[in-house]
Amino acid sequence: MKKSILGIVCVMLCLSIPLTAAAQQVYSWGFKRSVNGEQPDAGAEYNEVLKKHDAFYKGSPDEKVVYFTFDNGFENGHTEKILDVLKKEKVPATFFLTGHYLESAEPLVKRMVKEGHIIGNHSWGHPNFSTISEGAMKEEWAKVKKKTEELTGQKEMHYVRPPEGVFNERSLEVANAEGYTHVFWSLAWVDWYHEKPRGGDVAYNEIMKQLHPGAVILLHTVSKDNADAIERVIKDMKKQGYTFESLDHLTGKKS
């Protein structure tokens, strides 16, 4: 009898191992970049996981619409210029903010919301969400949401972006339960090395060569290159027939 029971337990444990491992697989966001105006592809596995949890990284391939998003971990003196251009060109954006940014750049955060932009959740302390507990995830997001409301009056927060694009199915599930939609991206370039500026022309070329319908663009405001290039980028996108919308347009939500 004891051997039978032990055998059953062993079988159950063995069967559970691959299920647990699969559930906790760690993903680091990436995709095949756009070429010749075609949409990029993250591959079947990523596409399936995102679809399962209502996450997204691009819009419709049939609409020449662009969605600007920015990740803000700290202020480096360039966000004001970017906001000036967005206001001048009437382009909405979503800014994914951390706790450090909310505490250190209050005037800019208030301006973002005042001028019609959306604040998204980039976590309070920028941890690896594939390694922290469910409770820690909720706390990270809750602190950002609360501080954003205190500063700007923005009560709703629908969008979340994981630090460094690292996630697993558990973090997607917890975010969904908290009312969040994960937003990844379909156009980006290595623009976060703020101490090594390469010039506005580099930023312009990196962005424009990847342009495609439905692009969710990720830029970092610490980059002087982006600040120097963004007006030219937007104007030339307009010349190509592109329009600009907020993430709410893509998801049908109202922030």
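Label reach from Val166 (point 7 Å along Cα→C-beta): in the range 122-144, amide nitrogens under 17 Å belong to 122-134, 136-138, 140-141.
Angle of helix 134-152 to the longest C-alpha principal axis of the chain, folded into 0 to 90 degrees and rounded to 10: 20°. Surface composition of the chain: carbon and sulfur atoms hold 54% of the protein heavy-atom accessible area at a 1.4 Å probe.
Compute the Cα gyration tensor for the range 175-255, then decide on rounded, prolate or oblate, letting a ≥ b ≥ c be the square roots of its eigenvalues: rounded whenever a/c is under 1.5, prolate when a/b is larger than b/c in the other cases, and oblate in all that remain. Oblate, because a/c is 1.5 or more while a/b does not exceed b/c. Modelled spin labels at Ala136 and Val65, positioned 7 Å past Cα toward Cβ, are 3.7 nm from each other.
In percent, rounded to a whole number, the relative contact order of the chain is 30, using alpha-carbon pairs under 8 Å and six or more apart. Normalized C-alpha radius of gyration of the range 127-178, against 2.2 N^0.38 Å? Ratio of Cα Rg to 2.2 N^0.38 Å: 1.15.
Return one number: the angle in degrees, 0 to 90 and rounded to the nearest 10, between the long axis of the Cα atoms of helix 79-89 and the longest principal axis of the Cα atoms of the chain. For helix 79-89, the angle is close to 70 degrees.
Taking all protein chains as shown and a probe of 1.4 angstrom, His158 keeps an accessible surface of around 30 Å². With the simple model of a label 7 Å out from the Cα in the direction of the Cβ, Glu103 to Glu245 spans 3.8 nm.
To the nearest ten degrees, helix 2-23 and the longest principal axis of the Cα atoms of the chain are 10 degrees apart.
As a test question: what accessible area, to the nearest 10 Å², does Glu245 have when a 1.4 Å probe is rolled over all protein chains in place? We get 70 Å² for Glu245. In the chain, helices alone account for a calculated mean residue ellipticity at 222 nm of -14000 deg cm²/dmol, with every DSSP H run of four or more residues adding -39,500 (n - 2.57). Tell me whether the range 208-253 comes out rounded, prolate or oblate; compute the Cα gyration tensor, take square roots of the eigenvalues as a ≥ b ≥ c, and use a/c under 1.5 as the rounded threshold. Oblate shape, in that a/c is at least 1.5 and b/c is the bigger or equal ratio. Please work out the Cα center distance from the range 125-165 to the range 28-92, rounded to the nearest Å. So the two Cα centres are separated by 19 Å. Entry comment: accessible area of the chain is 50 Å² per residue, from protein heavy atoms only and a probe of 1.4 Å.
The values are calculated or read from the model by the stated rules, or taken from the named source; none is laboratory data. Keep in mind the model is a prediction, meaning the values are calculated, not measured. So basically every Cβ, Gly included, is an ideal-geometry build from the backbone, and we count neighbours across all protein chains shown. To get the accessible areas, we keep the full protein, side chains included, count just its heavy atoms, and leave off ligands, DNA and RNA. Shrake-Rupley method; radii C 1.70, N 1.55, O 1.52, S 1.80 Å.
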